[in-house]
Amino acid sequence: MQELDERKRKILNAIIRNYLDTGEPVGSRTISKYSDLNLSSATIRNEMSDLEELGYIHQPHTSAGRIPSDKGYRFYVDNLMEEKEQEVTEMKEFMIEHTERMERVLKQMAKMLADNTNYTAMITAPSYQQNKVKFLQLSQVDEEQLLAVIVTEGNLVKNKMISTRESLDNETLLKLNILLNTSLNGLSAEQINLGTIARLKEQAGIHSNIVSDVLDALAGAIQEEEELEIYTSGTTNILKYPELRDSQRAGELLAAFEEKQQLITLVNETLASEEETGIQVYIGDESPIQNMKDCSVVTATYQLGEGMQGTIGIIGPKRMDYENVVDNLKTLKNQLDTVFKKPRGK
C-alpha cells in the first residue's frame, strides 16, 4: 500500500466503489466524472495503467474497462475497516464526553427552571425514537464467539456477543462486514424485511446462519430501550403550597419524584400525545399519574434532530402561574437547541 500515492488511491477507490455499485468494468471516462478528482481522462488512463501493472486492477476483456483484483479488494477493505475502527473509537470518546457535559447542563437547567417558577421541575436526557443502522463491525473473540459492534443513528454504540459454531478467518469476516454494511446501512428495524433477510442469507452462502444471528442481535440493539435519565429539581417546592402540604399528598408526590417510574409514565404520555405547540397541560384528573391528581403538570418536548428528543416538565398547584411556566418552557427549549444541536452539526 505504500507504493500508492494519494491520486492513485483516489482513483482505485473510485474504480472499486463504481464496480461494487454496477458490476460492470470501469473506464477512465466514468472515473473522470468524480467531482473530487478533477483529472483528465488521459491522466486517469495513465494512472489506471500503473495500477494494472501494480496488480490492483485488471482488464477482464478487450474493452477499456477495468475491475478490481483480489489485491485491489484487499486494499479497499483494509482501508475501509481502518477508517471505520477509527470512527467507532472517536464516537465512543465523543459520547463519553458528550454524555458528561449533557448531564451537567440538564441538571443546571432543571435547577434554573425550578428557581424561576418556584415549582418542581424535571428534564429527561434526550433519547432516539427511530434508531437506524449506521455501521456494523464483526470481530472474532475466540473460536465460539463473535463481537458485533453496532453503531446506530445518533452515534450510539452497542456491543453484542454472538455464539458461533465455526471459526472464521479474517478474509471471511471482512467479506461479511462489507455485505452487512452495504445492505443494512441507513435501515431501521421495520425496514429490515423478509426480502432483505433472504437476500443477505443468499449472498452469505454457507455463512447464512451467522447472518441470521447477526440480524437477531441487530434487531435487539435497535429496539433496545435505553434507560431513561430524568433529572429533577425543587421537589420540596410543593410544600410551599398549603393545598399540597397535607402529609399524605406530599408524601405521595415526593415518592413519585424519588422513584422516577411514574415520571417515566408522564414522559411517555407526553411523547405520545404532543400537540403542535409542543406544550402539554394536564390539570388535576387529566394527569396520567394518579399521585398528581391534585396538581397541574405542564410538559414540553424538545427536538435535537436525527430523531433525538426529550421532555421538560413542571409540576405545581392547580393555581400555578401558567403564563410564566409556559414562557419558561419555551425559553428552555430554545436554550437546549442552542447548547446541543449546533455542536452536533459540526
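Near G27, the amide H atoms lying under 5 Å from its own belong to R66; only residues 5 or more places off or on other chains count, and H is placed 1.01 Å from N. Under 5 Å from the amide H of I57 lie the amide H atoms of E52, S69, each residue being 5 or more positions distant or on a separate chain, with H modelled from the backbone and absent for Pro and chain starts. Exposure proxy shown here: for R101, R319, the number of other Cβ atoms within 10 Å sets the order, fewest to most, as R319, R101.
Net charge near N324: determine it from the other residues with C-beta under 14 Å of the C-beta of N324, scoring Lys and Arg +1 and Asp and Glu -1. Neighbourhood net charge equals -2.
Between E82 and A198, the FRET efficiency from the beta-carbon distance, with R0 = 45 Å, is close to 0.90. Of the peptides 278-285, 228-235, the order by per-residue mean of other Cβ atoms within 10 Å, starting with the highest, comes out as 228-235, 278-285. Per-residue Karplus couplings for the stretch 229-245, computed as 6.51 cos²θ - 1.76 cosθ + 1.60 with θ equal to phi - 60°, are listed in order as 8, 10, 10, 10, 8, x, 4, 7, 4, 5, 6, 6, 10, x, 5, 10, 8 Hz, Gly and Pro entered as x.
Highest average first, the peptides 116-125, 250-259 ordered by how many other beta carbon atoms sit within 10 Å of their residues are 116-125, 250-259.
The radius of gyration of the Cα set in the stretch 6-68, together with its Dmax, comes out at 10.3, 29 angstrom.
Extent of the stretch 133-223 along its three principal axes (Cα atoms, max minus min coordinate, largest first): 31, 26, 19 Å.
Every number here is computed from the coordinates shown, using simple stated rules; none is lab data. Worth saying up front: this structure is predicted, and the values here are computed from it rather than measured. Cβ coordinates were reconstructed from backbone atoms using ideal geometry, including for glycine residues, and neighbour counts include every protein chain displayed.
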